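Heads up: the structure comes next, in structure tokens.
Readers should treat all values here as calculations from the given coordinates under stated rules, not as data from a laboratory. Owing to the predicted nature of the structure, the values given are computational and were not obtained by experimental measurement. Don't worry about glycine lacking a Cβ; one is built from the backbone with ideal geometry, like all the others, and counts go over all protein chains shown.
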Amino acid sequence: MLEFSKSLLEAQAHRMEYAKQHMAFGFKRQLLYDLTELMGKRGSSDRIIGDLDTVTHTLLGVIATGNNSLVEPFYNVVLSSVTGAYGVFDGHNPPSGSSLRYAAFGLSIISDWLGTPLDLDAHALPRDPAWGQLVAHWREPDPDKFLSVLLQACDTHVERIAVTEREANALSKDFEFNSVFLAVHPTEILAVLRLRDLLGLPNPVEINHPLMQTPYAAITCRPGEITERDELLERYLATVRQRDPHVLPPELS
């Protein structure tokens, strides 16, 4: 999406205020677009563009950029889609290019934060040992103990960046991060740090890992930090409501 590209370019130029705004706009737009697409697929077996991994990444992205109020309504729509077998599908009908281990990891943390832990077995979703440490210990109250878990998660992110075209395509199940944006923006790491912050848990003062030492790792926002209006999104939502007043969940109408 264009907003993500703009965000990375602004971060390269060290204009972090604009980098954060573009990233927040991008994730919010993606979430609301996916949400309307999922709601529109009810009663069919059609898929949206994307899969359970991509909508999980979007959920993590809106958390990382301070739009956490959107998470529960969208999570509920995603879960309804998976349960109803429309829009996006779980491990019972997985996409050809993914193991869904990223979705399993991300949704486990998000559902834990929401107080409704996801049953991975019921959805045939894998327990990945590499991501599993972060799932198990993301609420660790000691920031020093948590740091070792976080560094391992950063290693996992780097190890699973697709570098070649073959890795991005033929071997896509082995590499979660198959674009420049997915590679350089540590979305899931930033989301977990933001969730800990929301819960009042202390985060490590310094994360000495190459993934977290770039300007892209600073593209994260607290709730309420972005105050600018996204007029393009507002016009899109006005059109959506005009065409179908019931397509958005009540919390977002």
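A few comments on the model shown:
- Of the trypsin sites (Lys or Arg not before Pro) found in the range 176-253, those in coil by DSSP whose Cβ has at most 12 other Cβ atoms within 10 Å are 229.
- Sorting 44, 172 from the fewest to the most surrounding beta carbons within 10 angstrom yields 44, 172.
- Here the dipole of the chain is about 440 debye; that uses its Cα centre as origin and unit charges on the Cβ of Lys and Arg (positive) and Asp and Glu (negative).
- Shape index of the chain: Rg/Rh, with Rg the Cα radius of gyration and Rh the Kirkwood radius from the inverse mean 1/r over Cα pairs, equals 0.94.
- The slack in the chain from residue 213 to residue 173, taken as 0.36 nm per residue of separation less the alpha-carbon distance, amounts to 11.7 nm.
- For the range 126-184, the relative contact order comes to 26 percent (Cα pairs under 8 Å, sequence separation of at least 6).
- Non-local lysine pairs in the chain, meaning eight or more places apart or on different chains, with alpha-carbon distances under 23 Å, amount to 4.
- Here is what passes the span test in the chain: the DSSP H helices with alpha carbon length of 27 Å or more along the helix axis and a Kyte-Doolittle mean of -1.0 or above are 16-40.
- Extreme residue, positive dipole direction of the chain, given options 122, 27, 212 (C-beta unit charges): 27
- Taking one quarter of the surface of the convex hull spanned by the alpha-carbon atoms of the range 95-162 gives a direction-averaged projected area of 5.2 nm².
- The length gained by stretching the chain between residue 152 and residue 234 to full extension, at 0.36 nm per residue less their Cα-Cα distance, is 25.6 nm.
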